[in-house]
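In what follows, a single structure is set out as structure tokens and then discussed.
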Amino acid sequence: MLNERRLEAVRLRLDGHTVAEVARQTGLSAPTVSAAWKAFRQGGWEAVPVRRRGRKVGQAERLGEVAQGTLTALLASHPETTDPAWSSSALADALASEGHRVSPRAIEHWLEAQGLKPAPLPLDGLARRRSTAGRWYRQQVQPVLEQTHKAGGGSWEGGVRVAVPAKSAVGAPRRYQLYLHGKRGALYTRCLASPPRADDYLALFDRLAAEAPVALLFRGALFQASPEIQAWLADHPEFHLINVPPNLSLGSDPKGR
């Protein structure tokens, strides 16, 4: 019996991913993925054996009130490093400098309880799908990524969202989250009490552009109506911003058209 990754494996299989793709994304072995899928087909979700590993979501509240207040304040600021936003390890280092000994893993649990742990975009296998999302990826995303990587640059995924805390996170506020996923899905995040303004986005873009060329897939905001952001993009031709269409479904579609 393994942890909740089995349920994620089943969900990915429902989305049309191959066993190999699911194994790579979840870190499970191919036989484990196949066993979880077989159990689901025979008995539904309840038949998939799951044992949660590590702390429960609510247990992240064991962080003291002072430490949680410090985390909240840090997430509203920019890190002193060149990172585009806060990672769990950077937050742990910053807390340690304030006398709070907290592991990055504990911070990840706290972020999850606060509703601040969005999943990366489900892009694996999208290029092969005969769907609207597949065509979008092949026509608008894949060429930009290939061009950027050929020039020695990197790629990021990100977005903006309203973070809704878990029920166990008593008193946690709703907030606006700017987030990025980097290599191997590492999460970088910053939080705001009100909707981000052009300056907030540009501060994020400036940090990413320091390592241009760079490609950024972004969902949750469309920037065509912002003169400031359009002017910035014109001045940074090696920064490739790709908006994810708001109504685009990245899950599996029927067999296609």
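The values are calculated or read from the model by the stated rules, or taken from the named source; none is laboratory data. Computed from a prediction, not measured in an experiment: that's the story for all the values here. Virtual Cβ from ideal backbone geometry, glycine too; neighbours counted across all protein chains shown. These accessible areas exclude ligands, DNA and RNA; they are computed on the full protein's heavy atoms, side chains included. Shrake-Rupley method; radii C 1.70, N 1.55, O 1.52, S 1.80 Å.
Observations on the model:
- Residue, nearest to ASP124 (Cα to Cα), within region 175-208, restricted to residues that are among the hydrophobic types (A, V, I, L, M, F, W, C) and open to solvent by 20 Å² or more (accessible area, probe 1.4 Å): ALA186
- Pairing each residue of region 73-97 that is open to solvent by less than 20 Å² (accessible area, probe 1.4 Å) with any residue that is of a type in the set (Asp, Glu) and assigned to a loop (DSSP other than H, G, I, E, B), provided the two are 6+ apart or on different chains, yields C-beta distances under 8 Å for ALA90/ASP83.
- A Cβ distance below 8 Å, combined with a sequence gap of six or more or placement on separate chains, defines the contacts here; from region 108-127, residues that are farther than 13 Å from GLY159 by Cβ reach residues that are of a type in the set (Val, Ile, Thr) and open to solvent by 20 Å² or more (accessible area, probe 1.4 Å) in the pairs HIS109/VAL57; GLU112/VAL57; ALA113/VAL57; GLY115/VAL164; GLY125/THR18.
- Subset of region 116-164 that is charged (D, E, K, R) and open to solvent by less than 70 Å² (accessible area, probe 1.4 Å) - its residue that is modelled with the lowest pLDDT: ASP124
- Filtered by the rule that a residue be part of a loop (DSSP other than H, G, I, E, B), open to solvent by 80 Å² or more (accessible area, probe 1.4 Å) and under 19 Å from PRO196 (Cβ atoms), region 211-235 gives LEU222, GLN224, ALA225.
- Test set (1) at pLDDT 90 or above; (2) part of a helix (DSSP H, G or I) - ARG184 fails condition number: (1)
- Criterion violated by GLU238 - all others in (1) in contact with a helix residue (DSSP H, G or I) (Cβ under 9 Å, 6 or more places away or on another chain); (2) open to solvent by less than 40 Å² (accessible area, probe 1.4 Å) satisfied: (2)
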